[in-house]
Amino acid sequence: MKIYLSSRVSSPCLFGIWNPGIYMTEQALCKEERKEHTLLHEMTHYRHLDHVWAVVRSLCLVLYWFHPLVWIAARLSMADSELACDEGTLSRLGEENRESYGRTLIEMTIERSKQHRLLYVATDMINGKAEIKKRITAIALYKKPVLWAATVAVVFAVILSACTASGEKQSNVNEPQQGAETDESFVATEETDE
């Protein structure tokens, strides 16, 4: 993957679909630790295919521009991709580096214009002050995922789906139906009356 230095981007980002590149800023390259965190963050976006999902989000917004729930879903999807990227980056950096990674995010937070960034098809590192606060809180409370918890969740889902996916009880063809017996006795009663 190619890495570019650009003065046109306000934050490091991954851009492109077929041959994406990482676009770095001067601010991201000023410290070695910050450079490492930024590159690892953008490579995590690449592994998660977030550059493709950014295009899908934008297409949904273009096609359903009139629907407010699509705008909300796009915003939440963008926030979730950043949180997942932070978690993936922290798992590669290690638990001992979460403070320095959080500091990198804070240092790179810049004041942005109030333009809508939902139609932005690049995966940038900084989304604004409110989002950074959520991400820093998630980093501070980060705990390594536990394998047994995931296993229990999968087993529970399989059991639940097995219990709810039972078919309709089929009646035996040879057994007389309840309504049929009543009709025959009624016919027999009428014949004896005559």
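Modelled spin labels at K35 and A153, positioned 7 Å past Cα toward Cβ, are 3.7 nm from each other.
Considering only DSSP states other than H, G, I, E and B, which chymotrypsin sites (Phe, Trp or Tyr not before Pro) in the range 1-61 qualify as loop sites with at most 16 other Cβ atoms within 10 Å?
Working: sites: Y4, F15, W18, Y23, Y46, W53; in loops: W18.
Taking the range 1-61 and a limit of 16 other Cβ atoms within 10 Å, the loop chymotrypsin sites (Phe, Trp or Tyr not before Pro) found are W18.
Taking the average, over residues, of other Cβ atoms within 10 Å as the packing measure, peptides 31-41, 154-164 rank 31-41, 154-164 from highest down.
For the pair E87 and L141 in one chain, pulling the backbone fully straight at 0.36 nm per residue adds 18.4 nm over the alpha carbon distance.
Computed from the coordinates by the stated procedures, all read-outs in this text should not be read as laboratory data. Please read all numbers here as calculations on a predicted model, not as lab measurements. Please note: Cβ atoms are built from the backbone with ideal geometry, for glycine as well, and neighbour counts cover all protein chains shown.
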